[in-house]
Structures are given as structure tokens and as C-alpha cells.
Amino acid sequence: MDNALLVHRLHFAFTITFHYLFPQLTMGLAPLIVALKTLGLRTGNCAYHDSARFWGRIFGISFVLGVVTGIPMEFQFGTNWSHFSRFAGGVIGQTLAMEGLFAFFLESAFLGLFLYGEKRLTARAHWWSAVAVFLGSWLSGFFIIATDAWMQHPVGFERAPDGSAQLSSFWELVLNPWAWWQYAHNMSGAGITGAFVMASVGAFYLLWGRNAEHGRVFVKTGVIAACLFSIFQLFPSGDGQGRMIARYQPVTLAAMEALFEGGPGAPLVLIGQPNIEEKKIDNPIQIPGALAFLTYRRWGGAVTGLDSFPRDKWPQNIALLYYSYHIMVGLGTIFIATAVIALFLLWRGKLFSARWMLWILLLSLPFPYIANTAGWMTAELGRQPWLVYNLMLTADGYSKTVSAGNGMFTLLGFLGMYTVLGIMFLFLVWREIEHGPLGQPLAGHAVAH
């Protein structure tokens, strides 16, 4: 691989991975804040309003960091990926512009009202501001997903005389079936992040013996949401996204499962290591026929393997793709098990006193971030070697006049700058957690025994 191409790919991979740490939290928290506000209005319990206010502040911090880290990516389309921008700008420019003009302004304007206008608005009007923030954040996510989905499954375009892609049907672009399945899968992943973060902070309060009433609200809301989103992530969203891949990108599915030889009754590998040189799975633990059933609803269905495609059309890093996919699926399975057990304990009235489960919820905080990152790696690595599937190779999309040295210099700059931003984010969030929903610092309190 060309050194400059590798640097540009690493550059964009780093900036977008770091950026997405923040939108997944805001999109995940948005419906939970609406739920807390709704419960507050219906029950008159101030703890729900305090909780919504607290998570609104966390939302605001994450939103600001998401904006700061998101802007450089749009510049990178021009600086690092100019050939791609020239080719695809006539299509993806529509969805990216709509994300900025409509969704971002809706979300940011009403976030200001939610955070600073509570005393000036009626209770119902303040609830509507939370709903508007939720709609804005999820609409923003849709336009970004529609952009990526066009790169995965291009529709609604025509080729101009200069070879570029130009939008021919806006409705085909936004109604792209790939976009809707990817959107459902992505948003349930964000929901898992928001739910487990909320439950984790609630477990922290209960274990530390502080803000117990709000801690119970956090844990209860987070566990219920985590159960719903985790199951939805598996079915129907994960199942639907997988079947889209099998239909439109069969080579990607084969690489995700390291299925070197296709045929009827393909097995589902639970554990194993892909051996690219020998084209096999080492030390496999697998379920016979399960991959065929999940893909075609028939145990004997024929699944296309990598042997059906020329080597230059295979994803370029099958091992990394395979492990990313299996990390995502493995963590998703753990999320379902954790949420279901916690929900059972909640139903039995034992969750808040089950310290072992509270510790599991507390320590679960980073894993939804890992799962979401692995999921996006699966999507983007699986599309390779294409930048726009079957239309433009990744090797043809980068800026040929930007050298590897220039790219590395700016990458090192971003690494340093984003390290500072990450530390600042953790400090600000910890300060909010330390002061709690009622502004009472946790200093001097130890773990309750």
C-alpha cells in the first residue's frame, strides 16, 4: 500500500473514531432524558427532574466535544480526500449539508433552551425542548448514516460527463434500504452506550452511599433501556443489517466470518483464529449450518465464500475485520446477558442491594464504546478495497499531492490536541458526577461496606 494512502487512512480513522466517542453518548442519552422528563411530569417526583437536569449537563459537555472534533473531519474531505470529494460531492454534499443546516441547529438551539431556559419555560414547554433535542440528535445521526450508506450501497445517482457522481433522486438517497437498517443498528448501539453509562453512574452512587435516590433512578432507567436496546441490537437491527451485507456485499460477509470456502450449510464460528496463508480457521468452535440459517433462514442454504471472488476484491485486512466483528458480537451478547439479569433483579426488588451486580454495571461503562468502535471498524474495513462500493477504489480517492510526511505531521498534531481534549472531557464529566444532581460534592465519602 502506498505510504501516503496508509497515513491518510490512519489519519481519518483516528479522527473519526475519537469523534464518535461523543455523538454516541449524546444520541444515547437523548431519549433517556426525554423519558426522565416524562416521568417527572407524570409523577411529580423531583428526582426525575433533577436526573434529567444532571444528564442534560453531561449531554452538553459531550455535545461540545463532538462539535469540536467533528469539524476537522469535514475539512479532511478537501485536504486528504480531494479526489473522493470531487467524485462524490454531488451526492453526499446533500446529506452533509442537511445535517448541518437542519439537524445540528435544531439540536443546538433547543439544547440551549433545555439547559438554561427551565426557569423561563413552563414545565410542558421544557419537556418539548428535550423532545426537540432528541429529534435533532437522532436526525443528525440519520443524515450522517445516509451518507455512509451511499458509500456502502450507492443509489439515486448518475454519472456526469466528467465521471463524477451526481444526485438524480433525493428520495432514493434518503430511502436507501441500507441506510435504514444501518441507522437502526447504529442508534440502538448509541442507546446501549447511553443506557450503560447512566446505569454505571447510578451504580457508582449506590456503592458510594451518596445520592441514593437519584442513583436508583439512574440504575432503573439505564437497566430497562439497556435491555430494550441490546435485544433490538441483535434482532431485528443486527439481523437486518447482516442480511443486507449478504445480499449486496457477499465478499464482506465471507471475510467477516473468515469463510474461505463457501457452500451449503456454512457453519457459524464462535471462537477461532483466521489463518490467511492457509485459508482456514485455526482452533475453531463452530455451530454447523448456523451461518446459512441466519443468512437465508435455511440450514442447508449456500453461503458464498471468499473462494468465489478474485483476491484483489477481498477486504484488505481480513484478520482485523474478523476480530472487529467478533468483538462487536461478543460484547453485544454480554450486554444482553447483563441487562436481562439486572432487569430480573430489578423485578424481584433486589437490584439496588445486589452489590455484585452494581459492580458489574459500574465496570461495564467502557465496553459499549469498544463495541461501537468495533462495529464501525467492521463496516468500514468490510467495504474495502472500495471507497464507494463498486464505483471508486480507496486508492483512487486520496489527495495525491499531500505527502505521507505532511499527513503524519498533522496526525501527530491531532494526537496531541485530542489527548488534551480527552483529558478535559474526563475532568468536566467527573466534576459533574462528583457534585451530583443536587450539587453536593462526594469528597470524604468512601465505599459503603
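The values are calculated or read from the model by the stated rules, or taken from the named source; none is laboratory data. As the structure is a prediction and not an experimental result, all values here were calculated from the model. Here Cβ is always computed from backbone atoms with ideal geometry, including for glycine, and neighbour counts include all displayed protein chains. Areas reflect the complete protein model, heavy atoms only, side chains present, ligands, DNA and RNA absent. Shrake-Rupley method; radii C 1.70, N 1.55, O 1.52, S 1.80 Å.
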- Item | Residue, farthest from residue 198 (Cα to Cα), within region 29-65, restricted to residues that are crowded, with 20+ Cβ neighbours inside 10 Å and either among the aromatic types (Phe, Trp, Tyr) or modelled with pLDDT under 95 (or both) | 63
- Query: Could you say whether any residue in region 362-378 is assigned to a helix (DSSP H, G or I) and under 14 Å from residue 249 (Cα atoms)?
  - Reply: yes
- Note on the structure: Note on region 121-168: residues crowded, with 17+ Cβ neighbours inside 10 Å and of a type in the set (Asp, Glu) are 148
- Query: of a type in the set (Lys, Arg) and open to solvent by 50 Å² or more (accessible area, probe 1.4 Å) - does that describe any residue in region 340-351?
  - Reply: yes
- Note on the structure: Given (1) closer than 30 Å to residue 166 by Cβ; (2) open to solvent by less than 50 Å² (accessible area, probe 1.4 Å); (3) touching a residue at least 40 places away in the same chain (Cβ under 8 Å), residue 108 misses just (1)
- Task: Could you list all residues from region 2-24 that are open to solvent by 30 Å² or more (accessible area, probe 1.4 Å) and among the hydroxyl-bearing types (Ser, Thr, Tyr)?
- Result: 17, 20
- Would you point out which residue out of 260, 204, 218, 196 is over 30 Å from residue 432 (Cβ atoms) and among the aromatic types (Phe, Trp, Tyr)? 260
- Query: Among the residues of region 88-95, is any open to solvent by 40 Å² or more (accessible area, probe 1.4 Å), out of contact with any strand residue (DSSP E or B) (no Cβ under 7 Å at 6 or more places or on another chain) and not acidic (Asp, Glu)?
  - Reply: no
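Residues that are in contact with a Gly (Cβ under 9 Å, 6 or more places away or on another chain), buried (at least 23 other Cβ atoms within 10 Å of the Cβ) and assigned to a helix (DSSP H, G or I): does region 230-244 have at least one? Outline the logic, then answer.
Our first condition is that a residue be in contact with a Gly (Cβ under 9 Å, 6 or more places away or on another chain); within region 230-244, this holds for 230, 232-234, 237-238.
Remaining after also requiring buried (at least 23 other Cβ atoms within 10 Å of the Cβ): 230, 233.
Going one step further and asking which of them are assigned to a helix (DSSP H, G or I), we end up with 230, 233.
The answer is yes; a qualifying residue exists.
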- Selection from region 94-109 of residues modelled with pLDDT under 90 and small (Gly, Ala, Ser) yields 100, 103
- Item | Considering residues of region 256-297 that are over 21 Å from residue 379 (Cα atoms), assigned to a strand (DSSP E or B) and of a type in the set (A, V, I, L, M) only, the residue least open to solvent (accessible area, probe 1.4 Å) | 281
- Which listed residue is part of a loop (DSSP other than H, G, I, E, B) and either out of contact with any Gly (no Cβ under 6 Å at 6 or more places or on another chain) or without any contact (Cβ under 8 Å) to a residue 24 or more places away in the chain (or both), from 390, 406: 390
- Query: Considering only residues of region 202-229 that are within 20 Å of the chain's Cα centre (by Cα) and of a type in the set (A, V, I, L, M), which is most open to solvent (accessible area, probe 1.4 Å)?
  - Reply: 228
- Message: Please return the ranges of helices (runs of 4 or more DSSP H) entirely within region 90-184 where 1 or more residues are among the polar types (S, T, N, Q).
- Response: 105-116, 123-152
- Message: Whether any residue in region 273-289 is closer than 29 Å to residue 180 by Cα and among the small types (Gly, Ala, Ser) is what I want to check.
- Response: yes
- Taking the stated definitions as given, is residue 312 out of contact with any strand residue (DSSP E or B) (no Cβ under 7 Å at 6 or more places or on another chain), surrounded by fewer than 20 Cβ atoms within 10 Å (Cβ to Cβ), charged (D, E, K, R) and within 30 Å of residue 197 (Cα to Cα)? no
- Among 10, 96, the single one that is free of Cβ contacts under 8 Å to residues at least 60 places away in the same chain and of a type in the set (A, V, I, L, M) is 96
- Restricting the search to region 298-321, which residues are touching a residue at least 24 places away in the same chain (Cβ under 8 Å), over 26 Å from residue 373 (Cβ atoms) and in a loop (DSSP other than H, G, I, E, B)? 299, 300, 301, 304, 305, 309
- Test: residue 25 is under 27 Å from residue 415 (Cα atoms), touching a residue at least 60 places away in the same chain (Cβ under 8 Å) and not in a helix (DSSP H, G or I): no
